[in-house]
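Report on one structure; see the data block that follows.
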Amino acid sequence: MPLRVHDTRRREKVDFTTMKPGVVNMYVCGVTVYDLCHLGHARCYLSFDLIHRWLEKSGYDVNYVQNFTDIDDKIIVRANETGEDWKALVEANIETYYRDMDALNILRADQYPRCTEFVEEMIAISSDLIEKGNAYVADDGVYFSIESAAEKYGMLTGQNIDAVRSGAGGRVQGTGSTKRDHKDFALWKSAKPGEPTWDSPWGPGRPGWHIECTAMSMDAFGEQFDIHGGGHDLLFPHHEAEIFQGECHTGCSPVVHHWLHNGFVNIDGEKMSKSLGNFWTIEDILEKIDPLVLRLSLINAHYRSPIDMNEQLLKDAAKNHEKILNCYRAALELRAENAVPLPEGDLASKIPLVKSMALLEMMAQGFAKAMDDDFNSREAIAKVLAAIREMGKMFSVLDGDDVEAFANFAVEWLEDTAGDVLGILPTRDLTLAEPEDDPRKAEIADEVEELLARRATARAAKDWEAADSIREELNRLSVEIIDTPNGTTWDLAP
RNA sequence: GCACGGGUGUCAGAGCGGCUAUGAGCGGGAUUGCAGAUCCUGAGACCUGAGUUCAAAUCUCAGCCUGUGCUCCA
């Protein structure tokens, strides 16, 4: 079954094709680095991380480019507010961007170009657009003239230029700009006092926002490429501006073969915004919850649907994540490197085993089918959850060589799907880590072990009252214990 | 106003012409000293109206409700 993707421009799911067989050139709009990353950024880059991972799993060689917007009004304003050098501000925020995204197990892109490195290219494109009659020089900069390519208006949002034309005029007045039409957007902004500037044929100034992505994607891929992604708020005007610039400059239509946009994150039913005070930075959330739980909660919906983030959602995700990890841990503990490969040996006695493996194969196919259907991670997660139930059943039914071999199979199954594609599995070492490996746990380990030993003695003597009171004592230390047939294990309470 | 989405059980959230989604929560049961984890199992749904069809959450039309964009925003 071929990969299908929803293309915003065509407004439907289409078969995914690439310009060059086996190679995907993908550009995703990055962050403007003036502040910490928030939940919305997490969702966006998580969405494209899944797309990135699935394309690679499908055998494509993916060239993933994501930019940093490192000069912009907001950066200048923020730097002025704090008295910090804007370059230092940019560097600091790029650092925290990497820190947050790494925590969420988002694979790095292949390139992270910064727009200040492409000022020359942007000037060249702007000059070309002026020559072609698609742009003009005004008092305060260079503007792209929408009317010069009116047929390209509304490509992504479906807006009708005639409806917008009728409202023109009023807003241009009073801004001090000599831009001809309120729909026109800036390619170059003339310098204002106290701002960082670059030289240009139109005097000192700095590039407009939209032109950077055209310059950087062209630098990376040439005139046309396969996927352009971003948040669904970038549809207008940013991505439509790119269509104007890119197509007029290159003469190619389309420049972008597949436009992909991710949905937004709401908080408790309201749009996330600073003014509402419900603005969640990744840094804040990760103080409270496991990054992989946050990751699971955000990929637990189709990437185009809006997500309403709330406590219940995180609770569900934590619970599911734990289930998956319990299964993964059990599989890792039960497996044996040298187990007899399956299915081999006396097949007649292994019918349940063979059936179960066939069932899991089908689930793996279901997983692939879900991902092939416009990266339906929610459906894919459902397959993983169904699979771990099957695995849990088999772990308790099988024994001996069979369980070892089946566990090998299960480890591979899980790493192939939940690990490589969904990115929600910790490393094998972390999954099997003993309490002592965590410094917070190491601190209390001796005390806990001593209490556990006393409890074990009490339990052996069937003194349940004493055993339970020791457990309560452990609970007061935020320690959770679990009795298993092989002894008692413990962990810090979540 | 214009544009683009969405309305599925208590909640989250897939499916989008015929087939148990899945998970949380709730109800039984197995296991367990108890708890936890695990497994088995039950109840519970497709906004309204009309149409197409042998068959409609699923397609068409109308209505109602709701989200988002149209200004910087992932």
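Each value in this text was obtained by applying a stated rule to the coordinates, not by laboratory testing. Note that the structure is predicted; figures quoted are calculated from it, not measured. Please note: Cβ atoms are built from the backbone with ideal geometry, for glycine as well, and neighbour counts cover all protein chains shown.
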Exercise. Let a ≥ b ≥ c be the square roots of the eigenvalues of the Cα gyration tensor of the range A:79-128; is it rounded (a/c under 1.5), or, if not, prolate (a/b larger than b/c) or oblate?
Worked result: oblate
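Hey, what does the equivalent ellipsoid look like for chain A, semi-axes from the Cα gyration tensor as sqrt of 5 times each eigenvalue, largest first, whole Å?
Numbers: eigenvalues 548, 156, 63 Å².
Taking √(5λ) for each eigenvalue gives 52, 28, 18 Å, largest first.
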Exercise. Which loop trypsin sites (Lys or Arg not before Pro) in the range A:354-433, with loop taken from DSSP, have no more than 15 other Cβ atoms within 10 angstrom of their Cβ?
Worked result: none
Exercise. How about residue A:179: which lysines have a C-alpha closer than 20 Å to its C-alpha, ignoring those fewer than 8 places off in the same chain?
Worked result: A:132, A:152, A:189, A:192
Exercise. Between residue A:181 and residue A:382, what FRET efficiency follows from the Cβ-Cβ distance if R0 is 51 Å, with the result rounded to 0.05?
Worked result: 0.55
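Charges only on Cβ, +1 for Lys and Arg, -1 for Asp and Glu: so what's the dipole of the range A:4-262 about the Cα centre, in debye to the nearest 20?
Values: 25 positive and 40 negative charges, 156 e Å.
Result for the range A:4-262 is approximately 740 debye, rounded to the nearest 20.
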For this session: Quick one: work out the % antiparallel among DSSP beta bridges in chain A, nearest 5.
Result: 55 percent
For this session: At q = 0.07, 0.09, 0.10, 0.12 Å⁻¹, what is the base-10 log of I(q)/I(0) for the range A:4-262 according to the Debye formula with one equal point scatterer per Cα and no solvent? Please give it to two decimals.
Result: -0.25, -0.41, -0.51, -0.74
For this session: Could you grab the relative contact order for the range A:311-431? Cα pairs under 8 Å, six or more apart, rounded to a whole percent.
Result: 40 percent
For this session: Please identify every one of the chymotrypsin sites (Phe, Trp or Tyr not before Pro) in the range A:253-321 that sits in a loop by DSSP and has no more than 16 other beta carbons within 10 Å of its own beta carbon.
Result: A:279, A:280
Problem set entry | Fraction in percent of alpha-carbon pairs per bin - 10 Å, the range A:435-492 | 23, 58, 17, 1
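Explain nothing, just the number: dipole magnitude of the range A:311-431 about its Cα centre with +1 on each Lys and Arg Cβ and -1 on each Asp and Glu Cβ, in debye rounded to the nearest 20. Mind showing how you got there, number by number?
Values: 13 positive and 22 negative charges, 94 e Å.
Roughly 460 debye for the range A:311-431.
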Exercise. How big, in percent, is the set of alpha carbon pairs in the range A:236-364 lying more than 18 Å apart?
Worked result: 73 percent
Seminar exercise, completed: Distance in nm between residue A:147 and residue A:319 label points, each 7 Å along Cα→Cβ, equals 6.1 nm
Exercise. With the contact rule set at Cα under 8 Å and sequence spacing of 6 or more, what percent relative contact order holds for chain A?
Worked result: 16 percent
